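Some notes on the structure that comes next.
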Amino acid sequence: MAKFKKTLIVSLAALLAASSVVGLAACGQGEDDDGGKGGNTKLTTLQFWGSGDADELKVFGNIVKEFNKTIGAEKKIKVEYSGNHEDPGNNALQLSGNNPPDVIYVPDRHLKSWVSAGYLENLTNPDGSAKYDGLEEFTAPGKIWDQGIQRYRFDIATATSTPTSVLWALPKDIGPTVLYYNREYMEEMGIEHISLDPTDAEFVSKGYPEKGYFQHTDGKWYFNNRVPMSWDETTTLAMKMQKEVDACKYGYFTEWWFNYGWSIGGDCVEYVPEGNDADGNPMGYYEFTLNDTTVNWIVKDDCKEAVKVNGNEYKAGEIISYTDKKALTEAQKQNCNQLPSMKDAFIEFAALTAPETELAGVTSKGVEVYGKSVSMGQESIGAQSARDRFSAGSFGMFVGGRWEVTHLRKKIGTAGSWMKDNESWDVAPLPVYKEYDADGNITVHGVQAGHSGSMGLAIARGSKKKQAAWELVKYIAGTPGQTSQAEAGFCIPNQIDIAKTDVFLQPTQAPLNAQVFVDAAQYETPGDWWYLKDADWIDDWANCLNNEVREPNSQNHKTVDELFSLWGASTQTALYKYTYSSKNLAAKPKNN
C-alpha cells in the first residue's frame, strides 16, 4: 500500500514565505568555520543531541566514542554527545537560536514543521542532486527502506512529499509495529504453535489454511506466526485467552487504528484536488474521511489486466484510491473485490474496548455493532505500559514496535514476570481484513498495513560546521552506526542488507520470528501525525476517541457515531486551513 503517494499540501502562502529563509541556507555550500571542504588543521567540536532510554544512550555513547577514535581522529573532529533532549518543543527553540546543536534527532512527525520554520539543513538540492559527498550511498535504490527515507523528504516550495522532494534528514532507524504474543498461554490452551510460510513444503503438504489462528482437519487448534490473522481470528483468540487463562485480563491490546483502516484502503484524510486557478496555481483540500461510508475496492488476485481509472493503473492485489474509486464503472468493479468502508473498519477498532452489551457504532449498512471487550482503553492503561502488562501476564497479545524488544528480553523471566524465559513470547504480523469460504480458502482480503516509527538525523541550518556534521550523520546512518544499533536489538537498521543478516535477526534470541519486522519495514508507513505540519486537526477528535469512545468506564462514553457528530464538522473546518482551495482562498500563493 503506497501511502506516500498521497500529496500533502500545507498553507502555501505561509510556506512560500518560509522558503525564502531556507533558500538562503541552500544556496551554495561555502565553507564552514571548520574549513568546509578544505583541509582543516584544527580540531572541530560538534554538538550532537539525542534522546532515548538507558539502552539507547549507552549504544550512542559507544557509537560516538568509536567515531571520535576513527573518522574523528582522521578528520580532526570531536563529537560531544548529549542524550537528554526528549522535548521537541525545547529542541525546536534551540534550533531557532544562534547557537543550535550541529546534529540533532528529528522525529518524523516534526520534520515538516521544522523544515517550514527553516531549522534544518537540506541534504539534497532542489534539482535532486546531492549536496553532500557520499549521500548517494543512502539514496540509491534498494539501499534504505523506501518507507524510511521517504518520510524525510519535503518540498517546501510546493508543500509536497514525493520521491523527488528535497531530503532533510537520514533515518537513524525504523521501528515497525507488530503483534507480540504469549506462547505460554497457547501451550496452556492446547494450541499448536507453528511458524510456516504458505510457500513452505510442510505448509502445503499438511493442507494448512492461510489463517493465523485456526482449527485444522485433525481437530487441533493452531497458531501460525508467519500468517497474519484476520480481524475475527484476532478477537476470537483474545476472547479464548481471557476465558481459559486466569492471569489474562485482556487478550489483545492496541492503541492504533491504522492497520485496520489502511488494510482496506481507508484513511482519516484524503486529498481532493480542485484543478488549477486562473493563474495556474494548484487547488485542493483535505477531506476528513474516518466517517467515509463508501465501500473500497481491490483488484482481484487473478485479474490479468490492470484496472485503469483516471489515468492510473491498478494491478492485481492493489487497492483503488479514494478519488479513483468514485469513478469506477460497473464493468471495472467486476474485476475487483469489495472491501469494507473506512467507517466500518473504524467501528471494528472501536469495538475492541467496548463492553459486549454496549453499542460501538452503526455500520455504513445500518448494522449495529456491539463491543468485544478484549482490549483495555489507551487512557485507562495508566502508568503501567502495555509491555509491562504483557510480561506480567495480564495482556495476551499487544501491538508494539521493535523498541519493546530490549525491555522484554530483560523483564521476562525475572520476578514479577508471568512468562518463564525468552522462548515464552514471540511476534507475528498485524491483523489483516479477510473473508473465507466454507473450506477456509480466502475469497476477499485487504493488504498488510500498519504504522512504523522513525527518528531522523538532521543537521541544523544554523550550524557553522555542516561538513563535519555530515561526517557524523553519514557514520551513524551508515554501516558502523546501524550495526551497533542492530546488535542492541531496539530498532531495525535503515539499511536493508544489514536488516536481513543475523546482526539484526539474532536467531538465538527472542523474538525468534524477527523476520516479521523486516517484512513490516517494507510496507509500514508513518502515522497520521506525519501528514501535515501540525496536529491541530487531530487533537479534538483524537481526545474524544481516546478518553470517551475507547474508555468503557468513562462517564461520558460515546459511540463512533457520536464522535463524528460532535467533531466531524469542526475537524473538516480545521483541515481547510492547510491548503489553497475554494474553501480557503486566503491561502492563495503570491505570484513571483
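The values are calculated or read from the model by the stated rules, or taken from the named source; none is laboratory data. The structure displayed is predicted, hence computed values, not measured ones. Virtual Cβ from ideal backbone geometry, glycine too; neighbours counted across all protein chains shown. The accessibility values were calculated without ligands, DNA or RNA, using every heavy atom of the protein model including side chains. Shrake-Rupley method; radii C 1.70, N 1.55, O 1.52, S 1.80 Å.
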Within the chain, helix-based [θ] at 222 nm, where runs of 4 or more DSSP H residues each add -39,500 (n - 2.57), nearest 500: -8000 deg cm²/dmol
Tilt relative to the chain, helix 466-477 - C-alpha long axis, 0 to 90 degrees, to 10: 30
Cα-projected label distance for Lys365 with Glu66, points at 7 Å along beta-carbon direction, nm: 5.6
For the stretch 395-551, average projected area of the Cα convex hull in nm²: 14.7
Local electrostatic count at Val307 - Lys and Arg +1, Asp and Glu -1, tallied over other residues with Cβ under 12 Å: +2
Long-range Cα-Cα pairs in the stretch 332-410 (distance over 21 Å), rounded percent: 48
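Considering only the other residues whose Cβ falls under 14 Å of the Cβ of Glu187, what net charge follows from Lys and Arg at +1 and Asp and Glu at -1?
-3
Once you have the Cα-Cα distance between Thr501 and Lys333, take 0.36 nm times their residue separation minus that, and quote the gain in nm to one decimal.
Extending this stretch completely gives an extra 56.2 nm.
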The stretch 252-288 residues near the modelled Asn546 label - backbone nitrogen below 19 Å, point 7 Å along Cα→Cβ: 253-261, 268-269
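At 1.4 Å probe size, with every protein chain present, just tell me what the per residue accessible area of the stretch 59-190 comes to in Å².
For the stretch 59-190, the per-residue accessible area is 38 Å².
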Per principal axis, descending, Cα span of the chain in whole Å: 75, 63, 53
Percent carbon-and-sulfur accessible area, the chain, ignoring ligands, DNA and RNA, probe 1.4 Å: 48
Additional length obtainable on full extension of the chain from Ala278 to Glu187, 0.36 nm per residue less Cα span: 26.0 nm
Note, ³J(HN,Hα) from phi for the stretch 62-67, Karplus 6.51, -1.76, 1.60, rounded to Hz, x at Gly and Pro: 6, 4, 5, 4, 5, 4
Ranked by how many other beta carbons lie within 10 Å on average, peptides 395-408, 118-131, 202-215 from highest: 395-408, 118-131, 202-215
Nearest 10 degrees, 0 to 90: helix 231-244 Cα axis against the chain principal axis: 70
Percentage relative contact order, the stretch 458-582, counting C-alpha pairs under 8 Å, at least six apart: 12
Rg over Rh, two decimals, the stretch 250-297 (C-alpha only, Kirkwood Rh): 1.21
The stretch 293-404: relative contact order in percent, alpha carbon pairs under 8 Å with at least 6 residues between: 20
Phi-based couplings in Hz for the stretch 78-89 (Karplus 6.51, -1.76, 1.60; Gly and Pro marked x): 10, 9, 10, 9, 10, x, 10, 10, 7, 8, x, x
Relative contact order (%) - criterion: Cα under 8 Å, at least six apart; region: the stretch 274-358: 32
Heavy-atom accessible area per residue - the stretch 362-470, 1.4 Å, Å²: 37
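Report, please, the projected area of the stretch 200-291 averaged over directions, based on the convex hull of its C-alpha atoms, in nm².
On the way: hull surface 41.4 nm².
Answer in nm², one decimal: 10.3.
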Subset of Lys69/Lys464; Lys249/Lys558; Lys172/Lys315; Lys343/Lys434; Lys76/Lys143 violating a 25 Å alpha-carbon distance limit: Lys172/Lys315; Lys76/Lys143
